[in-house]
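Notes for the one structure printed next.
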Amino acid sequence: MKTFLGVFLIMFMVVTSSGVLSGFMTVVEAQNIHAQIINELEDSDYDSSVAQTCFENASKAGDTLELKLYMTDNSIRTVTDASQITSSDEIEKARVELKFTYAVAFFGIEQEHVLSGYAL
């Protein structure tokens, strides 16, 4: 009985920890993509071809990217595709929001989380 209980608890801990570790790796990957997008947008001065690459990289990872562009005329434009960026000369800064799904299948947890930051 003690052996069975010990083996059962070890197997339960292995399955649980692998699920939590999988969720953690999802968060780390999303954080890396988010930081990369911010760096690329800042370095390119919000060039539309670079923004298109950022949108493609986010969608390849299964994430959703949304940019809120703060323009020189104090207007704000929400962009969900790089084709919506008309001129990068008018952009002062951008708020980068990356939406990703955090999932731990063993516990039935599936939540959408958002990472947000500013590209200045």
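Structure notes:
- Helical runs assigned H by DSSP (4 residues or longer) give the chain a calculated mean residue ellipticity at 222 nm of -16500 deg cm²/dmol, each run adding -39500 (n - 2.57) before division by the residue total.
- Sequence ranges 34-42, 108-116, 78-86, ranked by mean other-Cβ count within 10 angstrom, highest first: 34-42, 78-86, 108-116
- Rolling a 1.4 Å probe across the protein heavy atoms gives the chain an accessible surface of 63 Å² per residue.
- Only the Cβ atoms of Lys and Arg (+1) and of Asp and Glu (-1) were treated as charged; on that basis the dipole of the chain about its Cα centre amounts to roughly 860 debye.
- With eigenvalues of the C-alpha gyration tensor scaled by 5 and rooted, the chain, Å: 42, 11, 10
- The residues 107, 4, sorted by heavy-atom accessible surface at 1.4 Å with ligands and nucleic acids left out, run 4, 107 from largest to smallest.
- Most positive-pole-ward Cα, 33, 98, 16, against dipole of the chain from beta carbon charges: 16
- Rolling a 1.4 angstrom probe over the chain with all protein chains present gives an accessible area of which 56% lies on carbon and sulfur atoms.
The values are calculated or read from the model by the stated rules, or taken from the named source; none is laboratory data. Not measured: the values here are computed from a predicted model. Please note: Cβ atoms are built from the backbone with ideal geometry, for glycine as well, and neighbour counts cover all protein chains shown. Ligands, DNA and RNA are stripped out before the accessible areas are found, and what is left, the full protein with its side chains, is counted by its heavy atoms. Shrake-Rupley method; radii C 1.70, N 1.55, O 1.52, S 1.80 Å.
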